[in-house]
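The values are calculated or read from the model by the stated rules, or taken from the named source; none is laboratory data. If you're wondering where the values come from, they're calculated on a predicted model, not measured in any experiment. No Cβ is skipped: glycine too gets one built from the backbone with ideal geometry, and neighbour counts run over all protein chains shown. Side chains included, ligands, DNA and RNA excluded: accessible areas come from the protein's heavy atoms. Shrake-Rupley method; radii C 1.70, N 1.55, O 1.52, S 1.80 Å.
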Amino acid sequence: MISTLETQAKRPPFSPEKMAEVQGVIKQFPEGKQKSAILRVLHIAEEEFGGWLSPETMDYVAGLLDIQPIEVYEVATFYTMFNMQPTGKFVFEVCRTGPCMLVGSDDIIEYIKTKLGISKVGETSADGMFTLKTAECLGACGYGPMLQCGKVYHEHLTPAKVDALMDEYRAKYSSENNNN
Amino acid sequence: MGRKLLLEHINVPGIETYDVYRNHGGYKSVEKALKTMSPQEVVEEVQKSALKGRGGAGFPTGMKWSFLAKPEGVPRYLVCNADESEPGTFKDRFLMEKLPHLMVEGMITSSYALGANTSYIYIRGEYMFVLEILEKAIAEAYAKGWLGKNILGSGYDLDLYVAPGGGAYICGEETALLESLEGKRGNPRMKPPFPAIKGLYGCPTVVNNVESLCTVVPIINIGADEYLKIGTEKSSGTKLISACGNLARPGVYEIELGISVEEFIYGDEWCRGIANGKKIKALIPGGSSVPILPAHLITKTATGEDRFMSYESLSDGGFASGSMLGSGGFIVFDEDQCIVRNTWNFARFYAHESCGQCSPCREGTSWMEKVLHRLETGKGNMRDIDLLAEINKKIEGNTICPLGDAAAWPVAAAIRHFREEFEWHVTHPEEAVKRNYGLLKTPSITL
Amino acid sequence: MIKVTIDDIEIEVEEGTTIMNAARMIGGDVVPPAMCYYSSLPGTGGKCRTCLVEIAAGSTKDPRPMPKLMVSCSTTVQDGMIVKNRTSEKVIENRGAVVEFLLINHPLDCPVCDQAGECDLQDLGFSHGKEGSRYEEEKRTFEPIDIGENIKLHMNRCILCYRCVHVANQLTDQRVHGALHRGDHTEISTYIEKAVDNDFSGNMIDVCPVGALTDRSARFKSRVWFLKPMNASCECTKCSGKAVVWMFGKQMYRVTTRQDQYGEVEVKDGKPEWICNECRFDKKDLEQWTIEGPRHISRNSVISQGHYEVSKTNLLK
């Protein structure tokens, strides 16, 4: 069982390498327009600080960009990619929009729910490994059903492929944990 | 085989890398433009090509460029709209993923034409893997001297950056995109002023779709006269069509505008007909926002003429019996599909993606979604069908940005062409619930 | 100066004037209703869509009608423009639809709402609303919250005009509340529990066109039409000290800004007379104020039914 506390343990500030990356992003915009970097910095922050945006993380980003915390909250809650709550180790975002539905995304969603033993989209499996979410059109309409996990698209899904994917991610997690 | 302008070298191994791309004629448009043409001449060439914006609205790209204000001492920006999110559309992702250097080349040539010294590609956040591909290509282009200071010794400077979104369809609307690029919520701006006058950071800005900017490359390379020979009189050139739904061979195809719809759906070179030997029931030819066409209006127009893949032919008959080429998101429905379910699905999409700024869209899209959900789940009544038609008329045209129209049109068209199916859902609620639930028809599924 | 015709009445206005402001110069029922536009708060407007009007002719130069209805608060007039407001059936019909949209998720809890009697949505519903509702779905709901010790937020009643956000941006030095989430889940909030306690934050209550933001110090004390509004002033270092005090006998129930016929704060010498939180929430003793006389409120308002203006000598009895 992975406790959400473990993910919360990673807190600001950024490591020196990540801070350099963030500064590089800020420099892409004209002077005084550092707020433009917010979305990219939030993506980096989410990845660095436990897969979700805690108020603490957002306040930290506000400080980095020299803006009010509310400006970060407003932006973070507007865009659906950001997790405003702790999630499982891996988040499966299944596209549910028309073209994917035509080729069976509803069934894939049901299948994943059954596999994870959860009753609703948005829930996390009891072992804390997977959170199931749905997403609107991810631009893979010709290759559906599909899901996104992190930066990776998994396309042409079937129940068998979903099984294999889960095994793959579980293996990835245990190998990463053994290395630590 | 039709002529390919964008995807000519798509099957060349390694075409995503600089060397291979360059060896196949890459960056020639930059050489030609910077060495032999003035910025104004590039603008005029694009105007002459009659290129229509490939993002969906079809506004002439050259005309958009000609509107750009050029006050002294104020920077101008070119922003590429790579926020591809219209359901059924996945062509821009294909272009950027497979041909990142074409995107970069298009940005350089176009930025030169507009006199922009800083340009941005705003890409949807979900395409983070594509962003990484683009940044790699940009780094290569900097290293080879195609970006940065004094490009090709011309005295022209350009910096190019990629900025990700965070998950919001509305940021495909150009002013919402600019808001987002400024680090704000993606709320569309009131127009006027248009971005050409006041865009990014209040400066004159052009926002163009990925495919439009990539198409600038062949237009400059072969010249507008040659480009105009391709396609039809009113629809010049080629267009990427992202075909999906129940097709035997879905995918991204580059067509010469003007081939017949029948050939595109059934031809061996293209989609090879409907999957699993089924019959076609309906088609949405240009992304989820455009009107759906019933079977009898797909390959023929209402007057019995052949229907072609062009701006003018797909819209023949107006909204009564036609549709739009839109973004080229070509969604095919086979005979087993439920129009009510799909209409609800799209309504849910628009309700989910409404920014919530103006009342008709915020309240109207979610109202339609709720009514359609009741109908789809066998809890609707006949009154609801008229109510839907009534709600969508009151959203259309009354909102700040076109998302209201985009949400209203699919519902209106579905009721227009498939009213019996909506009525059937009212008269046969139990069957309606059981019918058409994906591929597996999982018996355990309940709504 | 350029000429514009609104509902058959011609007026000359300066270039750059909006249709809304041109209509306000004419006055009366030519003026379109506004729920989100607020002239003293730049950047407001365009969102609620209640001020939609028909442009029958764009200008003398280009007299074509505009295909869509336009928002009068953000559309500037052109020379020779012909605007139809109450004379356009299309406007009446579509404005009715906007009212319906604004009401489908509204709780209609007017009997227990402090804003009742001076609520723009109530007035709009009365003038443009339909009888009955066609909305059979569940309404979206939020729990009421206190944002700071002085202000109550009833998100259920909010129509998302964003005026309060502009107040926080423009009158206070640190905005701590804003619009969160999106679509019909959008809510005005501080996200994490945070007090809105800036010196001028109380003006959010006055600009709110509905009962979403109410004054906790006056909450549930009295229906507004039982109170007698008086122009009053005080010496204040933070603000103009010009306010309206709302009296019940000799008891002061609440203090607000002075508002014009459009519900907007009065402007003197180009400066809106916002009041500070101390004047609004803390000065509730008659001795702290100089009473200037009864506040004139439109005779159509339910507040005027208290006939407080006729008995000047008995003002505070």
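Just a few scattered comments:
- The numbered conditions (1) closer than 20 Å to residue C:111 by Cα; (2) part of a helix (DSSP H, G or I); (3) open to solvent by 30 Å² or more (accessible area, probe 1.4 Å); (4) modelled with pLDDT of 95 or more are all true for residue C:278 except (1).
- Test: residue in the range B:27-43 that is free of Cβ contacts under 8 Å to residues at least 12 places away in the same chain and open to solvent by less than 30 Å² (accessible area, probe 1.4 Å): no
- The single condition among (1) touching an Asp or Glu at 6+ places or on another chain (Cβ under 6 Å); (2) more than 14 Å from residue C:184 (Cβ to Cβ); (3) assigned to a helix (DSSP H, G or I) that residue B:327 does not satisfy is (3).
Listed here are the residues, each with its yes/no results for (1) within 11 Å of chain A (Cβ to nearest Cβ); (2) open to solvent by less than 10 Å² (accessible area, probe 1.4 Å); (3) free of Cβ contacts under 8 Å to residues at least 12 places away in the same chain.
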| site | (1), (2), (3) |
| --- | --- |
| B:128 | yes, no, no |
| B:132 | yes, no, yes |
| B:144 | no, no, no |
| B:161 | yes, no, no |
| B:166 | yes, yes, no |
| B:170 | yes, yes, no |
| B:179 | yes, no, yes |
| B:194 | no, no, no |
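- Considering residues of the range B:110-123 that are open to solvent by less than 10 Å² (accessible area, probe 1.4 Å) and not aliphatic (A, V, I, L, M) only, the residue nearest to the other protein chains (Cβ to nearest Cβ): B:120
- Qualifying residue in the range C:149-157 (condition: open to solvent by 40 Å² or more (accessible area, probe 1.4 Å) and not polar (S, T, N, Q)): yes
- The range A:114-134: number of residues that are under 17 Å from the mean Cα position of the chain (by Cα) and either under 23 Å from residue B:123 (Cβ atoms) or within 11 Å of chain B (Cβ to nearest Cβ) (or both): 2
- Residues of the range B:374-399 that turn out to be under 28 Å from the mean Cα position of the chain (by Cα), open to solvent by less than 30 Å² (accessible area, probe 1.4 Å) and within 9 Å of chain C (Cβ to nearest Cβ), as a count: 6
- Any chance residue B:284 is farther than 21 Å from residue B:186 by Cβ, touching a His at 6+ places or on another chain (Cβ under 9 Å), within 13 Å of another protein chain (Cβ to nearest Cβ) and buried (at least 24 other Cβ atoms within 10 Å of the Cβ): no
- Any hit, the range C:66-87, residues being basic (Lys, Arg), over 22 Å from residue C:272 (Cβ atoms), in a loop (DSSP other than H, G, I, E, B) and open to solvent by less than 30 Å² (accessible area, probe 1.4 Å): no
- The range A:12-51: number of residues that are surrounded by fewer than 20 Cβ atoms within 10 Å (Cβ to Cβ) and aromatic (Phe, Trp, Tyr): 1
- Residue B:399 satisfies every condition listed in (1) assigned to a helix (DSSP H, G or I); (2) among the β-branched types (Val, Ile, Thr); (3) closer than 23 Å to residue C:35 by Cβ except (1).
- The set of residues in the range A:156-172 that are closer than 15 Å to residue A:89 by Cβ and either surrounded by 15 or more Cβ atoms within 10 Å (Cβ to Cβ) or in contact with a helix residue (DSSP H, G or I) (Cβ under 7 Å, 6 or more places away or on another chain) (or both) comprises A:165, A:166, A:169, A:170.
- Leading residue by the ranking (farthest from the other protein chains (Cβ to nearest Cβ)) among those in the range A:63-84 that are part of a helix (DSSP H, G or I) and over 19 Å from residue C:184 (Cα atoms): A:63
- Within the range B:220-273, if we keep just the residues that are within 19 Å of the chain's Cα centre (by Cα) and of a type in the set (Phe, Trp, Tyr), the residue that is most open to solvent (accessible area, probe 1.4 Å) turns out to be B:253.
- Among the residues of the range C:92-115, those that are away from chain B (no Cβ under 11 Å) and surrounded by fewer than 18 Cβ atoms within 10 Å (Cβ to Cβ) comprise C:92, C:107, C:108, C:109, C:110, C:111, C:112.
- Pair list, Cβ < 6 Å and 6+ apart or interchain, from the range B:357-368 residues that are at the interface with another protein chain (Cβ under 7 Å from one of its Cβ atoms) and within 16 Å of residue A:78 (Cα to Cα) to residues that are open to solvent by 10 Å² or more (accessible area, probe 1.4 Å) and not charged (D, E, K, R): B:357/B:187; B:358/B:399; B:358/B:400
- Filter result for the condition that a residue is open to solvent by 20 Å² or more (accessible area, probe 1.4 Å), within 10 Å of chain B (Cβ to nearest Cβ), in contact with a strand residue (DSSP E or B) (Cβ under 9 Å, 6 or more places away or on another chain) and not polar (S, T, N, Q), over A:111, A:153: A:153
- Residues of the range C:176-234 satisfying the condition of being of a type in the set (D, E, K, R), within 14 Å of another protein chain (Cβ to nearest Cβ) and open to solvent by less than 20 Å² (accessible area, probe 1.4 Å): C:182, C:184
- Pair list, Cβ < 6 Å and 6+ apart or interchain, from the range A:123-137 residues that are at positive phi and assigned by TED's automatic domain parsing to the domain that holds residue A:96 to residues that are modelled with pLDDT of 95 or more and open to solvent by less than 50 Å² (accessible area, probe 1.4 Å): A:128/A:88
- Scanning the range B:70-103 for residues being part of a loop (DSSP other than H, G, I, E, B) and touching a Lys or Arg at 6+ places or on another chain (Cβ under 8 Å) gives a total of 5.
- Total residues in the range B:149-158, condition part of a strand (DSSP E or B) and open to solvent by 10 Å² or more (accessible area, probe 1.4 Å): 4
- Scanning the range A:135-150 for residues that are crowded, with 19+ Cβ neighbours inside 10 Å and either in a loop (DSSP other than H, G, I, E, B) or within 19 Å of the chain's Cα centre (by Cα) (or both) yields A:135, A:136, A:137, A:138, A:139, A:140, A:144, A:145, A:146, A:147, A:148.
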